[in-house]
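A quick write-up on the structure given underneath.
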Amino acid sequence: MSQTTQTPPAAPAETSNRVTLGWSNRLLARPEVGALVAAVVIFVFFLAVAPAFRSPGSLFTVLYQSSTIGIVAVAVGMLMIGGEFDLSAGVIVTTAGLVNAMFCYQLGINLWVGALLSLAFSLALGFLNGYLVVRTGIPSFLITLGTFFVLQGANLGVTKLVTGSVSTPNINQMAGYSSLDAVFASSFRVGTVTVEVTVLWWLLFVVLSAWILQRTKVGNWIYASGGNADSARAVGVPVRKVKIGLFMTVAFLGWFVGMHTLYKFDTLQAGNGIGNEFLYIIAAVVGGTLLTGGFGNALGVAIGAFIFGMTSLGIVYAGWDPNWFRAFLGVMLLLAVMVNLYVKKLSTARKVG
Amino acid sequence: MTLPRARKSAKVAGVATAVALVAAACSSGGAPSTSAGGTGGGGGAGDNSGYTFAMVTHETPGDTFWDKIKAGANQAAKNNGITLKYSNDPEPSKQATLIQNAVDSKVDGIATTLATPDALAGAVKSAASANIPVVAFNSGIDQYQKVGALMYFGSDETLAGTTAGKRITEAGAKKPLCVIQAAGSVALEARCAGVKSAAPATENIQVNGADDPSVVSALQAKLSQDKSIDYIVTLGAPIALDALKAIDQSGSSAKLITFDLNQDAAQAIKDGKIQFSIDQQPYVQGYLAVQSLYLYKKNGNDIGGGKPVLTGPSFVDAKNIDAILPFAKNNTR
């Protein structure tokens, strides 16, 4: 590569020599296509083996399950494209809900105030994660592992201190509940199926993320920061700001799901959310995001979350022995990643020598 | 306040000493967190014994069930001027280390759960050889004597499951679904096995108890996969509330019963949404574990006559919920 830049005259010759990919190969080279093929394979598979999977109602249950993972995964995917990890994403969801519930319940304040306070708090946590990562240069894996443990302990400790128990009091009689419930946790019926509002929010966030990544300057910055931070900085990309922003995006969508969980279930167990951080990362990786950064897209991450939701519930719809649940899940996810990889190989294999 | 609790326990335990103890628990007050300071005794039964006991459990942090165990244990410690050191780890080997830590720090007595008796046997034996009395509570009913614990306070999980199974079969259950919220737990498996022994058509499902949305969608999926499910048995109060959502959203007519109680579940029983709860009275387990160590150290008392002292199964349903609801709100039931 450095050679070509040093010898500009060679450029025309290179152009004529270049392997031009056909439209099918260009399509296959997109990160989400492998995941899409895997999703279709798994979908058809469960359609075949699980009669209960075939109803439209089941599809929307799957979509709901996928959305609760998928919403945070949108941000985690963007963060991973930007070259960083966030292991605190699972507990931030619970932290956000706890802050809102306890603040309002103890002081008897309208829940909207608590929701906004919790938003500010979550964004501050995201900022802290990002700031520590760009300031210290310590891998984000370690920084956010630290925040993960701190939040996990603080969730339990503070909740116990404030409420005397490890779950929050029921908030469904408080001012502001019904409007917040409508925004974050309502559902409506279309024909015979119940659509959870989170599914719509998920779609919106995916579209938004796709637009940012593919169509805006910030999107280019994200790819550049994740691909090679030093060269990105050299050409004037504000890498630090981009990364801090990405961590705050994760915190924002974590807050969003935290609000959903709180207003759907009215109380929160302080120990919840642990382990979900990996589901977000899995969704992103199954969806074609590279663990090393710089590659992936929003649609792929969404399909990854859908594959996870479909597999985890498909096993239930199929009525398989529950003791084997995790084993089935593991095999399915491995298959998904392998199909993904295979399709990508097909697409990038050079046909001309 | 004394009467219903004493009557219930008498029915359950049938051990005179235990009744006396429970009655004593009531007379010295039910709300443990009101007065924080002071290790002095509560009421006339107080004693400034100065003992230090260690309580070691397999608690996974964040389950309201253990709040009640701790509330009971703290109340007993406060009544008798005991310093109580609480520690927990869900992993058997680490729990064994915690017991060993207590032995090394030469406490006066150890109360431990025996969810994984084989893994903990060594640590319990080393306590015995250091002349530190050990009592077991909550789990380990079949093995507590073998590993060398002096007494046992808890519920018989299989019996609890069987009783619940019988009761729903009598109520017309054809196809119960038993919901396990933590994979690989002996106690939870025993409950479901108990239910199955009385209602052979029972099917199990595993859910991730740490993620409410996924519990709801998994149960919704199961209810639409198998429409013949007419009863759901949950093994913890928070899961019961998730199950209510799932039943509601899938339009199923399945009925719900649950193990254990919390404030919201108690309210749901009052509202008729949960048929009944099989309560093992965690507050009593924590209380008696500490109280028994105290009595053993002080007077050499033995509780239970060489047999386990049962704190459950005790049924909470529409008939007695009015009396129990205030206790549930108090975190003592």
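Some notes on this structure:
- Theoretical gain in end-to-end length, A:Ala327 to A:Asn172 [0.36 nm per residue, Cα-Cα removed]: 52.0 nm
- Each residue of the range B:185-197 was assigned a 3J(HN,Hα) from its phi angle through the Karplus expression (A = 6.51, B = -1.76, C = 1.60, θ = phi - 60°), giving 8, 4, 5, 5, 4, 5, 4, 5, 5, x, 4, 5, 5 Hz with x at Gly and Pro.
- Amide H contacts for B:Asn88 (H built 1.01 Å from N in the peptide plane; partners 5 or more residues away or on another chain; cut-off under 5 Å): B:Thr57.
- For the range A:30-346, the normalised intensity computed at q = 0.07 Å⁻¹ comes to -0.28 (log10 of I(q)/I(0), Debye sum over alpha carbons, equal scatterers, no solvent).
- Gain upon complete extension [A:Phe278, A:Leu335; 0.36 nm per residue less C-alpha separation]: 18.7 nm
- C-alpha center-to-center spacing [the range A:301-341, the range B:136-210] in angstrom: 29
- Around B:Ile205: net Lys/Arg minus Asp/Glu count, Cβ-Cβ under 11 Å: -2
- Simple label model, 7 Å out from Cα along Cβ direction - B:Asp47 to B:Val186, nm: 3.2
- Based on the reciprocal of the average 1/r between different C-alpha atoms, the Kirkwood radius for chain B equals 20.2 Å.
- Summing charges over neighbours of B:Lys174, with a neighbour being any other residue whose Cβ is under 15 Å away from its Cβ, gives +2 when K and R count +1 and D and E count -1.
- Rounded FRET efficiency, nearest 0.05, which uses the C-beta distance separating A:Leu145 from B:Lys125 and R0 of 30 Å: 0.20
- Helix B:157-170 axis versus longest C-alpha principal axis of chain B: approximately 30°, rounded to the nearest ten.
- Computed from the C-beta positions of B:Asp271 and A:Val40, the FRET efficiency with R₀ = 41 Å rounds to 0.35.
- Separation of the A:Thr194 and A:Gln106 label points, Cα + 7 Å toward Cβ, nm: 3.4
- Within 10 Å of the Cβ of each residue in B:202-212, the mean number of Cβ atoms contributed by other protein chains is 6.
- The length gained on full extension between A:Arg215 and A:Leu161, counted as 0.36 nm times the residue separation minus their Cα-Cα distance, comes to 14.7 nm.
- FRET efficiency, A:Leu208 to B:Glu91 (Cβ-Cβ, R0 35 Å, nearest 0.05): 0.25
- Helix-only [θ]222 nm of chain B, DSSP H runs n ≥ 4, -39500 (n - 2.57) each, per residue, nearest 500: -15000 deg cm²/dmol
- Close amide H pairs (under 5 Å, H built 1.01 Å from N) link A:Trp320 with no residue at least 5 positions away or on another chain.
- Calculated diffusion of the range A:191-253, Stokes-Einstein form, Kirkwood radius summed over Cα pairs, 4 °C and 1.567 mPa s, µm²/s: 97
- Scanning residues 5 or more positions from A:Val193 or on other chains, none has an amide H under 5 Å from its amide H, with H placed 1.01 Å from N in the peptide plane.
- Shape category assigned to the range B:157-279 from the gyration tensor of Cα positions, a/c cut at 1.5: rounded
- Folded to 0 to 90 degrees: helix B:212-225 orientation relative to chain B principal axis, Cα: 40
- Rounded to whole Hz, the Karplus (6.51, -1.76, 1.60) HN-Hα couplings of the range A:211-220, x for glycine and proline: 5, 4, 5, 9, 10, 10, 4, 4, x, 4
- J(HN,Hα) series, the range B:122-132, from Karplus relation 6.51 cos²θ - 1.76 cosθ + 1.60, nearest Hz, glycine and proline x: x, 5, 5, 4, 5, 5, 4, 6, 8, 6, 9
- Computed over neighbours whose Cβ is under 14 Å from that of A:Thr95, the net charge equals -2, Lys and Arg +1, Asp and Glu -1.
- Computed over the protein assembly as shown, the range of Cα coordinates on each principal axis works out to 99, 55, 51 Å, biggest value leading.
Computed from the coordinates by the stated procedures, all read-outs in this text should not be read as laboratory data. This structure is a prediction, so every number in the text was calculated from the model and none was measured. Backbone-built Cβ (ideal geometry, glycine too); neighbour counts: all protein chains shown.
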